[in-house]
Amino acid sequence: MSIETVNDLVIRGKAKLVPAAVQEALDEGCDATALLDTMIAAMDVVGENFKNGDIFVPEMLISAKAMKKGVEVLKPHLSSGATGALGKVVIGTVAGDLHDIGKNLVAMMIESAGFEIIDLGVDVPVEKFISAAEENPDVKIVAVSALLTTTMPAMEATVAAINAAPWRGNVKVMVGGAPITQEFADKIGADAYTTDAASAAKRAKEFVA
Amino acid sequence: MLTAKENMREVIRGGNPDRFVNQYEAIALLFHPYLMTQPLLQKGMENVVNGWGVTQSFPTNAPGAFPVHTPDKIVVKDIEEWKKYVKAPSLKFPQELWDAAKAMYDAVDGTKAYKASFIAPGIFEQCHYLCSIEEALMNYMEYPDEMHDLIKYLTDWELELAEGICSHLHPDAIFHHDDWGSEQNSFLRPSIFEDFFLEPYQQIYRYYKDHGVEFIIHHSDSYCANILPTMVEMGIDVWQGCMKSNDVPELIKKYGGKIAFMGEIDNKQVDFDGWTQDDCTKAAVEAMERCGNKYFIPCITQGGPGSLYAGTYKGIWDAIDRYNCEKFGLKQEDIEAARLPMNIMF
């Protein structure tokens, strides 16, 4: 099984086939890191296809699932921390907001790009974002989602609290969600706003490059 | 001067409307025994389980109740075993309940507004209420046979509901929720959407049309331009919730006469902390001038009269009235006399 096959199966979201393909490639002597890199590259393609409207949410989800299954097989063969080598990202949907699909897509794409995700879930109070960042001093990015105009103030409060933290200089703050705009992101002092999950992953990589 | 209802009919059919329809002014949204017997979540209520076993919460600052999908609360634990988990609630209701519902329909002046049965959630939404949205979306790709079977089960239930509604309540419109996309795209690839949902919705909407319903109004506040041909084939007469991202003026040119559009005023344009009447007026006037009054109804995109922030819906309402008076030489009192009083649902 070639490394190209693994790449192709991830792009096509063949979650049931990827584990065996990765195992076979390993058995044939493929380097584990090279296999991880090819899956990350596959998810780059998936992200770009999604951004361009060539694929839809379900296709992106099954590709992310396929990669996750592949990584499970790879993990014992990788050095510790290799799968989250780009650093930690804290992510959550703000207090009062139960939307999770957008946040989850961003989390999947960022994880697939090589980050370790600390997913706080939905309806996350400001204090939880702050404590998660403080408990993980190596966090590189805090990503905050809001899907309602009524929860934009909660996003503003969350970003304000992060901006006031003594460790602010060590992290980047990313925001997103249907009602969010670049103008709003600038106003509340976020470092980045992106319109979709693929762009979020791309921007996250740029931050740690 | 036409009543609000007559005017809406002219708009939908591309006839001779004498003004813009003002949002939901010509649609009286009415419940039926199924909704009347389900837990009615109020703001702030948490973890309430409905007849399908779906747990919902209603955060205080959200527009409506949301399904809760922590692993312990997902109804369908395994899509291959969905029959084990999904049990449709009974639609057998005592006559008194139908009578109570019918009294609400009878109380509406049917010359001024359509008596529209309110149906929610739709089949697509019910699938992700039951499975969680991510699992449901992946299931369309990975377990298509099981999803077809689940959708058939939900469709049969909806047809039974339709039978009860039509035989007891005699609505002349249906207001049916089912959100099919985000602001930027449909959730499903159009071919997949068609494969799963065209036939079920054709069956349901055809049933209503065959039993006295004049118009099917379908709510999806999202991008749906790419699935619009399928929506037309389903038998939808009015798409409520069409967001600006769809390029509605272009859609009217292309599909006017096959389907009408109700929306173009996105909540985020007007429904935010610190909104002003100017925001409402600007959004409403822009929508009317961009789209015209044939096959188009200017309306907030959310799926019922009201808004998240108090006053926004009325702000748009007042702006449309003013525009109608100025543009068509109408008097406010005549407009009021031709419609029901403004009703805020949310």
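The values are calculated or read from the model by the stated rules, or taken from the named source; none is laboratory data. Just so we're clear, the structure is a prediction, and the values are computed from it rather than from any experiment. No Cβ is skipped: glycine too gets one built from the backbone with ideal geometry, and neighbour counts run over all protein chains shown.
The set of residues in the stretch B:272-316 being free of Cβ contacts under 8 Å to residues at least 60 places away in the same chain, of a type in the set (A, V, I, L, M) and assigned to a helix (DSSP H, G or I) consists of B:A283, B:A284, B:V285, B:A287. With respect to (1) within 14 Å of chain A (Cβ to nearest Cβ); (2) surrounded by fewer than 24 Cβ atoms within 10 Å (Cβ to Cβ); (3) part of a helix (DSSP H, G or I), the lone exception for B:Q269 is condition (2).
When the residues of the stretch A:95-145 are filtered to those that are under 15 Å from the mean Cα position of the chain (by Cα) and on the phi > 0 side of the Ramachandran plot, the one that is farthest from the other protein chains (Cβ to nearest Cβ) is A:G114.
Here the stretch B:12-47 is the region considered, the condition is being over 18 Å from the mean Cα position of the chain (by Cα) and surrounded by 18 or more Cβ atoms within 10 Å (Cβ to Cβ), and the residue that is nearest to B:A100 (Cα to Cα) is B:P33. Consider the stretch B:232-266. How many of its residues are crowded, with 19+ Cβ neighbours inside 10 Å and closer than 26 Å to B:S307 by Cα? The number of residues fulfilling the criteria is 21. Picking from residues in the stretch B:102-139 that are polar (S, T, N, Q) and within 14 Å of another protein chain (Cβ to nearest Cβ), the one that is nearest to B:K87 (Cα to Cα) is B:S132. Scanning the stretch A:1-54 for residues that are within 14 Å of chain B (Cβ to nearest Cβ) and over 17 Å from A:S112 (Cβ atoms) yields A:K16, A:L17, A:N52, A:G53, A:D54. Here the condition is being of a type in the set (G, A, S) and not assigned by TED's automatic domain parsing to the domain that holds A:A200; of A:A95, A:A64, it holds for A:A64 alone. Read through the list (1) modelled with pLDDT of 95 or more; (2) under 27 Å from A:A132 (Cβ atoms), then give the number of the only condition that A:P19 fails. Of everything listed in (1) modelled with pLDDT of 95 or more; (2) under 27 Å from A:A132 (Cβ atoms), A:P19 misses just condition (2). Within the stretch A:187-208, restricting attention to residues that are acidic (D, E) and either touching a strand residue (DSSP E or B) at 6+ places or on another chain (Cβ under 8 Å) or within 14 Å of chain B (Cβ to nearest Cβ) (or both), the residue that is farthest from A:M109 (Cα to Cα) is A:D191. Where helices (runs of 4 or more DSSP H) fall entirely within the stretch A:1-69, those with at least 3 residues that are among the acidic types (D, E) are at A:32-51.
Among the residues of this structure, A:L86 does not count as one that is in a helix (DSSP H, G or I), at pLDDT 90 or above and farther than 24 Å from A:I180 by Cα. A residue that is of a type outside the set (V, I, T), under 12 Å from B:F124 (Cβ atoms) and in contact (Cβ under 8 Å) with a residue 60 or more places away in the chain can be found somewhere in the stretch B:200-217.
Residues in the stretch B:232-239 include at least one that is part of a strand (DSSP E or B) and without any contact (Cβ under 8 Å) to a residue 60 or more places away in the chain. Residues that are charged (D, E, K, R) and touching an Asp or Glu at 6+ places or on another chain (Cβ under 7 Å) within the stretch A:113-162 comprise just one, A:D123. Quick one: would you say A:V45 is closer than 18 Å to A:D196 by Cα and surrounded by 24 or more Cβ atoms within 10 Å (Cβ to Cβ)? Against the criterion (closer than 18 Å to A:D196 by Cα and surrounded by 24 or more Cβ atoms within 10 Å (Cβ to Cβ)), A:V45 does not qualify.
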